[in-house]
Amino acid sequence: MSGGFHIVVCGSLVPDPLQTLEPIDGPNGPALKNEMMLPAVLDPWAGHALFEAAELAKNVPGSKVWLVSLGPKAKLQQLMMSIAQKVSFELVAIDGSAGGFTDPFDVAAILADAIVKIDGLDRSRLLLFGGCASASRDSGVTMQMVAERLDIFDQFLAVDKLTMSSDGSMEILERIEAGRYQVSSCDGAPAMLGWATGSLPEPPNNPQVGMMNMRTVMPALQKAQTAQIGVGGLSYAAVELPKQRRETRVVKDTPAEVVAQEIVDWLKA
Amino acid sequence: MNIDRQTMEVDIACVGFGPATAGFMHTLSQAMTAEDGSVLLESKVMPGMPLQVVCYERADDIGFGVSGVVTRGKALRESFPDLDPAQMPMAASVSDEQVLYLKDPLGKSRRSSGVRMLDRLFGLLGTSDHAVKLPYIPPFLCKKNGLVLSIGQFSQWIGNQLMGSGLVQVWPGMPVSEPLLEEDRVVGIRLVDQGVETDGTAGPGYMPGMDIRAHLTVVGDGPVGPVGQKLDEHFGLPEGNHQDEWAGGMKFVVELPEDCTLQPGFVLHTLGYPEPEIFGFLYVYPDRVAALGIFVPSWLDSPVRSSYRLLQYWMQHPAIWKHLRGGTLRSWGAKSLQESGQRGEPVLAGDGFARIGEGSGSTNVLTGSGLDEAWATGVQLAEGVIELAKAGEPFSRANLERTYLARRRSSWVEADARIAKQSRYGFTRGMIPGLLGMALSGLSGGRFNVGGVFRRPWERIPVFKDYFRGQISEQEIDSIVEGCRQHGKPLFEPLMDKLGWPPIEYDGQLLISHQDALLIGGKVQAAHGFADHVRFVDPDACNNCESQICVAMCSGQAITASEGGGMPEFDREKCIHCGICMWNCTTSRPGDSLRSNVSFEAGSGGLHSAEN
């Protein structure tokens, strides 16, 4: 691939999955209780997309990675201190809600608009990366809508592996039912890949990468535009978290077989 | 083995992002550039640029795994004259302050004749809910006009401001393993190796920790920080100083029940229960949220202490439970506190380094205050650094003593620390001499004190047979010990049961198992690729250890008894990095009578909650 790829990764923060989440009625509709106090992490699927993008950029000379993030600026800033140590990227920050109750259509419009405005972006070389879904904010439709808005029609979802040929063509493994993969071929950019888990481990924290990234991260945060999102336009009939069951019971002198049988019965029920 | 490490050069490297480092970075960042953006404090490593200042924090985010606090806020208000608690989540002005003396509603605590007399004496003041509200709060303890804060939320609040300034950098998730020493000069820090096995040997994705070379290393890594420990090993403590007093703090953050009448800013201190030596606290934040917990002090000479179980008894005391019943756990945490104060002060400044905050002995145990003092020491160092940087002078020992130390020595932090220095000696002789000592030192401004001698756990924790004499027979003790060893179970549970402490009746909200508290409130996580940071130096010493207090006191149940006895097991992924194992171990290290058999080093992970 002459000149390399321009890889734009869409990804933002979600509440740390270890936290207890509780929906409440906020002034602008549903929200999570104490959301701004909860620790946040990079959306896990977007994280895989970012790590895959960085690896691809490392292997294809001339490539560059942008991370386009829509989220509350203060929380994005905090998040960047963690992920900026892992891989190199240039941040495009958009200040707005990253709650789980924003409309994917609105989110896609904002992300596409921000991508179009990236200085020096060559859309003929564009690979649009993101998570195949978000851990908090959509049902797996945002990335397709961003791609549509950018006139990208080669779209792949739940991607676990991307094999790049020297001519820029790609072989892509998408997850399908029954644990199998659909193998697709694509002539090259532009294309959209919504990643599942990919095949790379999370990179270790590297202080030098962090220092390099910070030269662009802080200015990007400072000039982040505010996006009007999650402030009405939708009405929610009801909001609830996926059901969780937690039951504490202390049993003494119970054989492991009995405990195991009880769990099996519970699962069957 | 010669390892090829990446290096990076900065002007100032800070270790640990707590209140002290926050105070340092805040003050320094205010002076680095002029309003027009021109550089006032120029970098030596990047000429023309402002000082390059980085901070490495072990926890996965800033403000993880710290504590709730009540503070007079003196130093904070000097830095933020217009400080409005409403700007910060989980903060309020102190609205009411009470001290409760808790009697024992179960009759199971170990009360000396002096404490029983105190029960009767305080009882004359009128008892309600098995507790006596003291009519007088001594001025040295009083936090009138102060603040209740979540240090976690405070750290995030100030951290965001700092990072938003673009002048300093704070990198979480990056533990620092040791200082870089060239003879007696500190020339920077070494970050931990990543991609290693639990024993520290290189594994897949091995990445040697980077060396950060710095003109000044600011050590604010708290009471169990590895850099501070290694500096103490190298330099020793100043003549006559000892770090021999500490406490294990454990707390809940609770959403109070809807009918709770406690108002934001309410502060409650308790003493007397579940053991007389255990102090408790309850601070109320806005929106019906409270931080509450206990401190298990070093002078509680019990070989069966378990902070978690004791905390559950404390919460159920009628005087506390009436406020909590129906509440739910939001967050949980624990930490150790270095309570030697000025008596445990290390070498505060040397060539290329300075120490600030709790690890520097700034915590004041008489006033029960640490955040404000820690912040103040950070500010004092920053002012010294600004003076030196403006003059283009190096960060030498002499210069740091002239600037930072001189400020610290002439400040209220030092004056208060001197009053507190001998205030708790009395506790080494018992609860009553301890309380008298605090009162005497506090009311006399430190002129009069009750004497005593602090001893290490291996010099004073009694063996089971002595401790339980008259309560549990030697045969029963032997049987319990043998049974627990065979099955790898902790000793404190059957022993406390045997003493008659009732089982905790779980309610699934506040009265929950330790493991549930870890899962619901602790949210502990550790990244892969880091070495175990807790090590038992001499396995034979563990084999011969009767009490295995490290297991009982482990806040995260990361240290567990081994089946068949012997050296306990350590699970890095459960550790919350409180370091209490190191302080509580009842065996000294071979050839080192000052340090315990537990080595607590640099590690990754811990609590994932900033609501503490």
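The values are calculated or read from the model by the stated rules, or taken from the named source; none is laboratory data. What you are looking at is a predicted structure, and each value in this text was computed from that prediction instead of being measured. Ideal geometry is used to build each Cβ from the backbone, glycine not excepted, and the neighbour counts take in all protein chains shown.
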statement: In region B:501-525, residues that are over 22 Å from the mean Cα position of the chain (by Cα), at the interface with another protein chain (Cβ under 9 Å from one of its Cβ atoms) and within 26 Å of B:E573 (Cβ to Cβ) total 5
query: Pairs under 9 Å by beta carbon, first residue assigned to a strand (DSSP E or B) in region B:593-612, partner at pLDDT 95 or above and of a type in the set (D, E), six or more apart or different chains?
result: B:R595/B:E233
- request: Give region B:212-228 a look and list any residue that's crowded, with 24+ Cβ neighbours inside 10 Å and either polar (S, T, N, Q) or within 14 Å of another protein chain (Cβ to nearest Cβ) (or both), or say none.
  value: B:I212, B:A214, B:T217
query: Do we find a residue being buried (at least 22 other Cβ atoms within 10 Å of the Cβ), within 14 Å of chain A (Cβ to nearest Cβ), farther than 27 Å from B:V413 by Cα and in contact with a strand residue (DSSP E or B) (Cβ under 9 Å, 6 or more places away or on another chain) anywhere in region B:39-46?
result: no
Members of region B:51-69 that are modelled with pLDDT of 95 or more and more than 14 Å from chain A (Cβ to nearest Cβ): B:L51
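Looking at B:F395, B:F427, can you tell me which residue is aromatic (F, W, Y) and over 30 Å from B:V187 (Cα atoms)?
Numbers: B:F395 fails: over 30 Å from B:V187 (Cα atoms).
One residue alone meets the criteria, B:F427.
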field: Of all residues in region A:166-189 being β-branched (V, I, T) and not in a loop (DSSP other than H, G, I, E, B), the one that is surrounded by the most Cβ atoms within 10 Å (Cβ to Cβ)
entry: A:I172
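Considering only region B:160-177, how many residues are buried (at least 20 other Cβ atoms within 10 Å of the Cβ) and closer than 18 Å to B:F530 by Cα? First the steps, then the outcome.
Of the residues in region B:160-177, the ones buried (at least 20 other Cβ atoms within 10 Å of the Cβ) are B:162-163, B:167-176.
This time we only want the ones that are closer than 18 Å to B:F530 by Cα, so: B:171-176.
Of the residues in region B:160-177, 6 are buried (at least 20 other Cβ atoms within 10 Å of the Cβ) and closer than 18 Å to B:F530 by Cα.
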statement: When every residue in region B:471-500 that is touching a residue at least 12 places away in the same chain (Cβ under 8 Å) and outside any helix (DSSP H, G or I) is compared, the one nearest to the other protein chains (Cβ to nearest Cβ) is B:K489
- prompt: Taking region B:434-449 on its own, how many of its residues are touching a residue at least 60 places away in the same chain (Cβ under 8 Å) and in contact with a Gly (Cβ under 6 Å, 6 or more places away or on another chain)?
  reply: 1
- request: Hey, can you tell me all the residues within region B:501-516 that are at pLDDT 90 or above and not in a loop (DSSP other than H, G, I, E, B)?
  value: B:H514
Matching entry among A:A108, A:A158 (being in a strand (DSSP E or B) and either touching a strand residue (DSSP E or B) at 6+ places or on another chain (Cβ under 9 Å) or in contact (Cβ under 8 Å) with a residue 40 or more places away in the chain (or both)): A:A158
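One line per residue, one yes/no per condition, for (1) hydrophobic (A, V, I, L, M, F, W, C); (2) facing chain B (nearest Cβ under 10 Å); (3) within 18 Å of the chain's Cα centre (by Cα):
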{"position": "A:F5", "(1), (2), (3)": "yes, no, no"}
{"position": "A:V9", "(1), (2), (3)": "yes, no, yes"}
{"position": "A:P15", "(1), (2), (3)": "no, no, yes"}
{"position": "A:L18", "(1), (2), (3)": "yes, yes, yes"}
{"position": "A:L21", "(1), (2), (3)": "yes, no, no"}
{"position": "A:D25", "(1), (2), (3)": "no, no, no"}
{"position": "A:G29", "(1), (2), (3)": "no, no, no"}
{"position": "A:L32", "(1), (2), (3)": "yes, no, no"}
{"position": "A:L42", "(1), (2), (3)": "yes, no, yes"}
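Go through the residues of region B:124-138 one by one and say whether even a single one is among the charged types (D, E, K, R), under 27 Å from B:F530 (Cβ atoms) and outside any loop (DSSP other than H, G, I, E, B).
No; the residues of region B:124-138 include none that is among the charged types (D, E, K, R), under 27 Å from B:F530 (Cβ atoms) and outside any loop (DSSP other than H, G, I, E, B).
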field: Hits in region A:224-253 - residues which are surrounded by 10 or more Cβ atoms within 10 Å (Cβ to Cβ), at pLDDT 75 or above and over 21 Å from the mean Cα position of the chain (by Cα)
entry: A:L234, A:Y236, A:V239
task: Of the conditions (1) of a type in the set (D, E); (2) surrounded by 23 or more Cβ atoms within 10 Å (Cβ to Cβ); (3) more than 11 Å from chain A (Cβ to nearest Cβ), B:D193 clears all except one; give me its number.
output: (3)
task: Please work out which one of (1) within 14 Å of chain B (Cβ to nearest Cβ); (2) within 19 Å of the chain's Cα centre (by Cα) is the condition A:G194 fails and give its number.
output: (1)
- request: Identify, by number, the condition in (1) out of contact with any helix residue (DSSP H, G or I) (no Cβ under 8 Å at 6 or more places or on another chain); (2) over 20 Å from B:N364 (Cα atoms); (3) within 14 Å of chain A (Cβ to nearest Cβ) that B:S150 doesn't meet.
  value: (2)
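Do you know which of the residues in region B:364-397 that are acidic (D, E) and in a helix (DSSP H, G or I) is farthest from B:S423 (Cα to Cα)?
Initial filter on region B:364-397 (acidic (D, E)): B:372-373, B:383, B:387, B:393.
Pick out the ones that are also in a helix (DSSP H, G or I) and you get B:372-373, B:383, B:387.
Working: B:D372: 19, B:E373: 17, B:E383: 30, B:E387: 35 Å.
Selected residue: B:E387.
Out of B:E239, B:E183, I need the residue that is more than 26 Å from the chain's Cα centre (by Cα) and acidic (D, E). Which one? Steps first, answer last, please.
Numbers: B:E239 fails: more than 26 Å from the chain's Cα centre (by Cα).
On inspection, the qualifying residue turns out to be B:E183.
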task: Just name the residue that is nearest to the chain's Cα centre (by Cα) out of those in region B:166-178 that are closer than 17 Å to B:V53 by Cβ and more than 7 Å from chain A (Cβ to nearest Cβ).
output: B:V176
Members of region B:320-357 found to be within 19 Å of B:H234 (Cα to Cα) and in a helix (DSSP H, G or I), listed by number: B:R343, B:G344
message: Out of B:G437, B:G445, I need the residue that is surrounded by fewer than 13 Cβ atoms within 10 Å (Cβ to Cβ) and not charged (D, E, K, R). Which one?
response: B:G445
message: Based on this model, can you work out whether A:M192 counts as part of a strand (DSSP E or B) and buried (at least 20 other Cβ atoms within 10 Å of the Cβ)?
response: yes
message: Of the residues A:E177, A:E171, only one is away from every other protein chain (no Cβ under 12 Å), among the charged types (D, E, K, R) and out of contact with any strand residue (DSSP E or B) (no Cβ under 9 Å at 6 or more places or on another chain); which?
response: A:E177
